[in-house]
Amino acid sequence: METGRILDRRHPLGVFDSGLGGLSVLREIRLMMPAEDVLYYADNAFCPYGLRDPREIRERTVLISRLLLEQGAKAIVVACNTASAMAIEHLREIFPGIAFVGLEPAVKPAVKLTRSRRVGVLATPRTVAGERLRWLIETHANGVEVRTVAATGLVELVEAGVLSGEAVTEALGPLLDPMLEAGVDVIVLGCTHYPFLRAEIEAYVGSDVAVIDSGVAIARRTLAVLSRFDLDREHQAAGWLRLMTSDDAETVGPIARMLMTEDASMESVPVDVVVAVADRR
Ligand code: DGL
C-alpha cells in the first residue's frame with residue numbers, strides 16, 4: 001500500500017495503455033479537457049497485454065502507475081480494457097487515495113441501441129475470458145443476445161501503423177463474419193486499439209450496423225472524477241503532453257504521431273524494476 005501523496009489540480013493527468021491504443025482515449029480527453037497537462041505511457045515492450053498472464057499485467061500496471069505518480073500524476077486513466085479488467089481493483093488497493101478511471105466495453109449503450117436485440121463485442125482474448133465482461137453482460141444484457149469475439153492480430157496491426165488495406169480486411173473477416181451472420185446490428189469495440197480501425201470495420205459491416213466504443217464516455221467520466229475531487233484545471237491555456245514508451249522511442253514515436261492529431265515527441269522510459277513482494281498477489 002502506498003499513501004501520502006499531495007494532489008494538486010495543477011498536476012498532470014496520467015494515462016496509460018499496453019501500447020498506442022490508449023491514444024484513441026487520449027484524443028477524447030484532449031478534446032474535452034484541453035487545459036489538462038497529460039503524461040501518457042505506452043507499454044509497447046510488453047504489448048499485447050491481451051495474451052499475457054493476468055499477474056504479469058497487474059505487475060506492469062503497478063510499475064507504470066508508480067512512475068506516473070512519481071512524475072506528479074493527480075489521477076490515472078487506465079486507457080486499456082484488458083488492464084482495467086485484470087488490474088484496476090489491485091491498483092486501487094496498492095495506491096489508496098488515488099483516483100483510477102478504468103475502461104469497460106460499451107455493453108450498456110449497445111444494449112440500449114440495438115433493434116435486432118443482437119450485439120457483438122470485439123475484445124482481446126484476456127478481456128473476453130475475464131470475469132468483468134461476463135458480469136457486465138449478465139447484469140446489463142437485459143435479454144439481448146451478446147456475442148463476444150476474442151480478437152487476435154488487430155492490436156499488432158495498429159501497433160505497426162497498418163490501419164487499412166488487405167492485411168486489415170483479412171484480419172477482420174473471420175472476426176466480423178460470424179457476428180454479421182448472427183444478425184448483430186451493434187458492434188462494440190472493446191479494446192482501445194480498435195477505434196483506429198473504425199473506418200475499415202464500418203466499411204466491412206456496412207451502414208446498417210453501428211460501431212461504438214468507450215472513448216467519449218471515459219473522457220466524460222475522467223472529467224467528472226477530477227471535478228469531484230477539485231482536481232480539474234480551470235484555466236484555458238492548452239495543456240502539454242508528454243509521451244513515454246517502454247520500447248524504442250525511435251520506432252514507436254513515428255507511429256504514435258501518425259495516430260495522433262497533435263504533434264508530440266516520444267521518449268523511452270523503461271519501468272523494469274522488480275515488483276516488491278507486497279505487490280505480488
Ligand atoms: N488496448 C488494450 C485494450 O483496450 C489492450 C490491447 C492489448 O495489449 O492486447 O484492451
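Bear in mind these aren't lab numbers, they're just calculated from the coordinates by the rules spelled out. Computed from a prediction, not measured in an experiment: that's the story for all the values here. Neighbour counts run over all protein chains shown; Cβ positions are idealised from the backbone, glycine included.
Using only the alpha carbons of region 59-147, what is the convex hull's orientation-averaged projected area in square nanometres?
Numbers: hull surface 25.4 nm².
Orientation-averaged projected area of the Cα hull: 6.3 nm².
What value, in deg cm²/dmol to 500, does the helix sum -39500 (n - 2.57) over DSSP H runs of n ≥ 4 give at 222 nm once divided by the residues of the chain? It would help to have the intermediate numbers written out before the result.
On the way: 11 runs with 118 residues, N = 281.
Rounded to the nearest 500, it is -12500 deg cm²/dmol.
Ranked from highest to lowest mean number of other Cβ atoms within 10 Å per residue, what is the order of the peptides 216-223, 160-167, 25-32?
Highest mean packing first, the order is 25-32, 216-223, 160-167.
Quick one: among PRO96, PRO270, PRO48, which has the greatest mean-square fluctuation in a GNM of the chain with alpha-carbon springs under 10 angstrom?
For the chain, modelled as a Gaussian network with Cα springs under 10 Å, the answer is PRO96.
Please give the peptides 244-255, 122-133 ranked by average Cβ packing (other Cβ atoms within 10 Å per residue), highest first, as a rough proxy for protection. Could you put the intermediate results ahead of the total?
Numbers: 244-255: 18.1, 122-133: 20.9.
Ranking the peptides 244-255, 122-133 by packing returns 122-133, 244-255.
Select from THR82, THR192, THR139 the residue whose mean-square fluctuation is largest in a Gaussian network model of the chain (Cα-Cα springs shorter than 10 Å).
Result: THR139 has the largest fluctuation of those listed.
Tell me the relative contact order for the chain as a rounded percent, counting alpha carbon contacts under 8 Å between residues six or more apart.
Values: 533 pairs, mean separation 76.7, N = 281.
Relative contact order for the chain comes out at 27 percent.
Quick check on region 141-248: take the gyration tensor over C-alpha atoms, sort the square-rooted eigenvalues as a ≥ b ≥ c, and tell me if it's rounded (a/c under 1.5), prolate or oblate.
Values: a/c = 2.63, a/b = 1.51, b/c = 1.74.
Taking the square roots of the gyration eigenvalues as a ≥ b ≥ c, region 141-248 is oblate.
For the chain, take the longest principal axis of its alpha carbons; what is the angle in degrees between that and the long axis of helix 23-32, to the nearest 10 within 0 to 90?
Here the helix axis deviates by roughly 70 degrees.
Can you give me the Rg/Rh ratio for the chain, using Cα atoms for both radii and the Kirkwood formula for Rh?
Working: Rg = 18.2 Å, Rh = 19.0 Å.
Answer for the chain: 0.96.
For VAL211, what residues show an amide H to amide H distance below 5 Å, using hydrogens built from the backbone and excluding near sequence neighbours?
ILE187
Just going by the charge dipole of region 171-281, with Lys and Arg at +1 and Asp and Glu at -1 on Cβ, which of LEU223, SER246, LEU180 is farthest out on the positive end?
In region 171-281, that residue is LEU223.
Over region 1-153, what relative contact order in percent results from Cα pairs under 8 Å that are six or more residues apart? If you can, show how the numbers build up before the last one.
Numbers: 236 pairs, mean separation 36.3, N = 153.
Result for region 1-153 is 24 percent.
What is the angle, in °, between the Cα long axis of helix 249-259 and the longest principal axis of the Cα atoms in the chain? Nearest 10 is fine, range 0 to 90.
The answer is roughly 50 degrees.
In what sequence do VAL121, VAL111 fall when counting other Cβ within 10 Å, fewest first?
Values: VAL121 28, VAL111 20.
Fewest-to-most ranking of VAL121, VAL111: VAL111, VAL121.
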